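Inspection log for the structure reproduced underneath, given as C-alpha cells.
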Amino acid sequence: MTRRVFVASSIYAMNAAEPATPPIAARKPKSITLHNETRIDDYFWLREKSNPEVLQYLQSENKYFERLMEPVAGLKDTLYQEMIGRIQETDLSVPEKRDDFYYYTRIEKGQNYQLYCRKYETLDAKEQLLLDGNELAKGHGYFRLANFAVSPNHQVLAYSIDTGGDEVYTTHFKDLKTQATLPDQVPNVYYGTVWANDNRTIFYTTLDSAKRPYRVYRHILGEATSQDQLVFEEPDERFYVEVRKTRDDRYVLIASDSKMTSEVFYLDADTPAAKFATVAGRRHGMEYAVHHHDGRFLILHNQNALNFKLSRATPGETDPAKWTELIPHRPDVLLERIDEYKSWLTVTERENGLRRIRARKWDGEDDHVIALPEPVYALQPAGNPNYDAKTIRFTYQSLVTPSSVFDYELSTRQRTLRKQQQIPSGYDPTLYASERLFATASDGAKIPIAVVYRKGFRKTGKAPALLYAYGSYGINTEAAFDPSRLSLLDRGFVFAIASIRGGSEMGRSWYENGKLLSKKNTFTDFIAAAEHLVAAKYTSPSRLGIMGGSAGGLLMGAVVNLKPELFHTVLALVPFVDVLNSMSDASLPLTVGEYEEWGNPEEKPFYEYIKSYSPYDNLAKRNYPNILATGGLNDPRVPYWEPSKWVAKLRTLNAGKNLLALKINMGAGHFGKSGRYAALEEKAEYYAFLLMTMGVTK
C-alpha cells in the first residue's frame, strides 16, 4: 500500500488561478479491539507526532486554510483592527494590598505580556518591577507564566514558566532585594506553589508520565533540587494533586481530588518539616474543600448534601457525623465557594442559574446578599488576601456591561467601582439589549439561554446568530462581556449562551444529569436551545453558527452528527471528538482521571454508550455544515490528532459542498497562541471564517 499522504491535487501544486483544494489524508487502517469488537481506524497513524509525513500533512492543512481565507483577508484584518481598538493597550490592574505592599500588573502598547510590579506602603511610592513577561518571552514562540508566589516576608519571588504550550513548567526564584535570579530551578512542575512561613521552604507539585500532578515535594531555598523531599504521592491515577495555603497562613494544604472524591491533608505552616495529616480521610463520592478560621476547619462538602453544605470541625476530628453544621444543604441553592475572614464569612452560591455573594458576620449581627442590577450577569468573587479584611473585591459584568471591579465594604454595604473595562474605540451599552430565555428539553427540563443583540433587531428568522455552550465537568458558562463580540453584534448577529446539562448552572443535579450514562442530555439540550432560537425567529438554520471548545468541541461534533441540518457553520476549537479511542488509551494525559466524567470503556455499558455518541465514530454520509476545527501540536489535554482525524474522516463522508477546514498551531497547546495580540489575531480568524460562510465580507 502506498504511504502517500495526498491524493488528487496537492496543496503545494495550487496556483493563484485555482480554487483551494483540501489535502486528503492517506488511509492506513489499524485494527483496534475492545470487548471482542474490532474497529478499523483509517487515521490512527496521525498520532505519530514525530513522523515527518504527519507534520507535512498538518502543514498542508494549515496552507489550505490560509488559501481558503485569502478572499476574506481584508475582513480578517478589519476584525483584528476592531478588536485592537477595543482594548486598552496601555493598562493597569487594580492594585491589591498585601501587608505593606501594593501588587499590580500593567501592560504597555505594543507589548504582548504583562509587567508585574509593586509599591511599598503607598500608591505614590516608587514602582518596583518584579518581572517583565516580555523579557522572559524573548526567543520563545510560546510563553506562559504561572505560580507567581511571593514569600511571606516579601523578599523572594517564585514563578513558573512554560515555553512549549504543554503546561509543563519550570519554577525559578528571584531575590526581590537584589533583583538577582537565584540558582534554584525546579523542573516538571504544575500549577500551585506554596511558601511555608519560614520564607525558605516551598511546596510544589510534579507530573507523572501522563502529565498528571501526582507528587508534592518540599524544597528549601539554596539547597539542590535533587535533595528535595517527597512529602506526598497519589498512586490512584483518577486523582489530581494540588497544594495551597489557608487565608490566615496557618496551614499548608494538599488536596487530592478525582471527579467525585476528595482528600485533603494539612500541615502547620510554621513547622514545614513536619508530616501532613488528613482532614477527613477519603470516602468514595465525598468531595470537600478546607478552610481555617479561629482554630477550626471550615469544610465545604457534599456528604449527604448534593448541593454541598458547610461544616466546622476541630483539626483531628475526621468523622463528618461529628462536625458542626454552619450552612445546611438546600435543594435549590448550590454552595460553590467560601472566603473566610477574621470577622466575616462570604459565601458564593448559585440559585436558578445565577451566582450571588452572601456576607455573614461571625457574631451573627449581619447576614445579607450583595444586590446586583441586571437579570442576567456574570459575577466573580476575588476575595481579599488579607485575613482581617473588612472589604472584599468582586468583578461584575454582563453581556452588555463591561467588566467592572468593585470593592465592597462589608459593614456599610458600600461598593466602590475601582475599575471598568474601557473600550477606547467607543462603546455605548444603551445600543445593546440582553434577554434570558428558557428552552424546553425533550424530558421537560428548562434550559437557560442568555441572548444579546444590537437594539433594532427584529425577530424575522433572517438574522445570523452564534450559539455557544460548554456543558461538561460541572463548569458553568457565565454571561460575561466580550468586546470582541461587538464585531458580530454590529454586523447584525445575535449571540447566545446555552446553559446545558453537564455544567452546574442549575445546581449539582444539572451536572450529574449531563455526565457518564446521561451525557447525551448535554447534546439534546443544546439542540433544544438551537431549535428554540429558530422557533422564536431569532435566526434560522441557514443563518445559525455554533461554537464550542475542548469538551465543548465534543458537543459540536455530537450535535452535527445528530442534526446537521440545524446548523450552518461550526467553530470547533480544540475539540475532544475522538472520545472512544482516547478514553480507551490509559497512557494519555487525563484519560484515567476522567473515567468518572465519561466512564471507563473497559466496562461494557460505558463502552457501548460512549461509542454511540463519540463524534469520530459516528460520522456518516451526510451534508455536514461548514466546519473549522483547531488544535495545538503540543496540547496535553486534547491531542492535535483528534481534530486532525475528525476532519480527515469528515472529508471522505461529507455529501455536501460546505467547507471543512483544519488549523493546527504548530508551536502551541490547548490555549492557542500566547500573547494578547496573537490571541486576538486568532479570534479574528475564527470570526472571519464564520462571517465568510454566512456571506458577510465586510
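Here are the numbers for this structure:
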quantity: Within the range 507-588, helices (runs of 4 or more DSSP H) holding 3 or more residues that are in contact (Cβ under 8 Å) with a residue 12 or more places away in the chain and among the aliphatic types (A, V, I, L, M); calculated: 520-535, 551-562, 579-583
quantity: The range 164-183 - residue that is surrounded by 20 or more Cβ atoms within 10 Å (Cβ to Cβ) and among the acidic types (Asp, Glu) and, of those, farthest from the chain's Cα centre (by Cα); calculated: 166
quantity: Odd one out for residue 534 among (1) more than 18 Å from residue 647 (Cα to Cα); (2) within 23 Å of the chain's Cα centre (by Cα); calculated: (2)
quantity: Hits in the range 651-667 (condition: within 21 Å of residue 55 (Cβ to Cβ) and out of contact with any Gly (no Cβ under 7 Å at 6 or more places or on another chain)); calculated: 651, 660, 661, 662, 663, 666
quantity: Unmet requirement for residue 164, which otherwise passes all of (1) farther than 26 Å from residue 665 by Cβ; (2) in a loop (DSSP other than H, G, I, E, B); calculated: (1)
quantity: Looking only at the range 673-698, and only at residues there that are assigned to a helix (DSSP H, G or I) and free of Cβ contacts under 8 Å to residues at least 60 places away in the same chain, the one that is surrounded by the most Cβ atoms within 10 Å (Cβ to Cβ); calculated: 682
quantity: Residue match in the range 287-306 (condition: part of a loop (DSSP other than H, G, I, E, B) and under 25 Å from residue 185 (Cβ atoms)); calculated: no
quantity: Of all residues in the range 106-134 being buried (at least 19 other Cβ atoms within 10 Å of the Cβ) and of a type in the set (Ser, Thr, Tyr), the one that is farthest from residue 382 (Cα to Cα); calculated: 113
quantity: Count - residues of the range 26-48 that are in a loop (DSSP other than H, G, I, E, B) and either at pLDDT below 95 or more than 32 Å from the chain's Cα centre (by Cα) (or both); calculated: 6
quantity: The range 309-332, residues that are within 20 Å of residue 267 (Cβ to Cβ) and polar (S, T, N, Q); calculated: 314, 318
quantity: All positions within the range 192-242 that are surrounded by fewer than 16 Cβ atoms within 10 Å (Cβ to Cβ) and in a strand (DSSP E or B); calculated: 229, 230, 233
quantity: Tally, over the range 465-504, of residues that are of a type outside the set (Gly, Ala, Ser), assigned to a loop (DSSP other than H, G, I, E, B) and closer than 23 Å to residue 598 by Cβ; calculated: 6
quantity: Members of the range 652-672 found to be among the charged types (D, E, K, R) and buried (at least 20 other Cβ atoms within 10 Å of the Cβ), listed by number; calculated: 663
quantity: Test for residue 310: is it surrounded by fewer than 18 Cβ atoms within 10 Å (Cβ to Cβ), without any contact (Cβ under 8 Å) to a residue 40 or more places away in the chain, over 20 Å from residue 475 (Cα atoms) and not polar (S, T, N, Q); calculated: no
quantity: Qualifying strands (runs of 3 or more DSSP E) (wholly inside the range 67-141; at least 3 residues being under 18 Å from residue 159 (Cα atoms)); calculated: 101-107, 115-120, 128-132
quantity: Matching option when the condition is of a type in the set (A, V, I, L, M, F, W, C), within 22 Å of residue 206 (Cβ to Cβ) and outside the structural domain of residue 682 (by TED's automatic domain parsing), among 158, 137; calculated: 158
quantity: The range 283-305, residues that are loosely packed, with under 14 Cβ neighbours inside 10 Å and outside the structural domain of residue 326 (by TED's automatic domain parsing); calculated: 284, 285
quantity: Members of the range 334-351 found to be surrounded by 22 or more Cβ atoms within 10 Å (Cβ to Cβ), in contact (Cβ under 8 Å) with a residue 40 or more places away in the chain and farther than 16 Å from residue 394 by Cβ, listed by number; calculated: 334
quantity: Some residue of the range 452-462 being of a type outside the set (Lys, Arg), touching a strand residue (DSSP E or B) at 6+ places or on another chain (Cβ under 8 Å), at pLDDT 95 or above and within 28 Å of residue 679 (Cβ to Cβ); calculated: yes
quantity: Subset of the range 150-163 that is surrounded by fewer than 19 Cβ atoms within 10 Å (Cβ to Cβ) and not β-branched (Val, Ile, Thr) - its residue that is nearest to residue 120 (Cα to Cα); calculated: 154
quantity: Strands (runs of 3 or more DSSP E) within the range 367-444 that include 2 or more residues free of Cβ contacts under 8 Å to residues at least 12 places away in the same chain and surrounded by fewer than 15 Cβ atoms within 10 Å (Cβ to Cβ); calculated: 414-420
quantity: Options 318, 346; residue that is part of a loop (DSSP other than H, G, I, E, B) and either touching a Lys or Arg at 6+ places or on another chain (Cβ under 9 Å) or not assigned by TED's automatic domain parsing to the domain that holds residue 511 (or both); calculated: 318
quantity: Any chance residue 605 is modelled with pLDDT of 95 or more and outside any helix (DSSP H, G or I); calculated: no
quantity: Matching residues in the range 128-154 - criterion: being out of contact with any Leu (no Cβ under 9 Å at 6 or more places or on another chain) and of a type in the set (D, E, K, R); calculated: 135, 138, 144
quantity: Criterion: outside any strand (DSSP E or B), crowded, with 18+ Cβ neighbours inside 10 Å and small (Gly, Ala, Ser) - qualifying residue of 280, 273; calculated: 280
quantity: Cross-chain or 6+ apart pairs with Cβ under 9 Å, the range 79-95 first and in the same structural domain as residue 687 (by TED's automatic domain parsing) and over 16 Å from residue 489 (Cα atoms), then charged (D, E, K, R) and surrounded by fewer than 16 Cβ atoms within 10 Å (Cβ to Cβ); calculated: none
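The values are calculated or read from the model by the stated rules, or taken from the named source; none is laboratory data. Treat the numbers as computed from the prediction; the structure is a model and nothing was measured. Cβ: placed from backbone, ideal geometry, glycine included. Neighbour counts: every protein chain shown.
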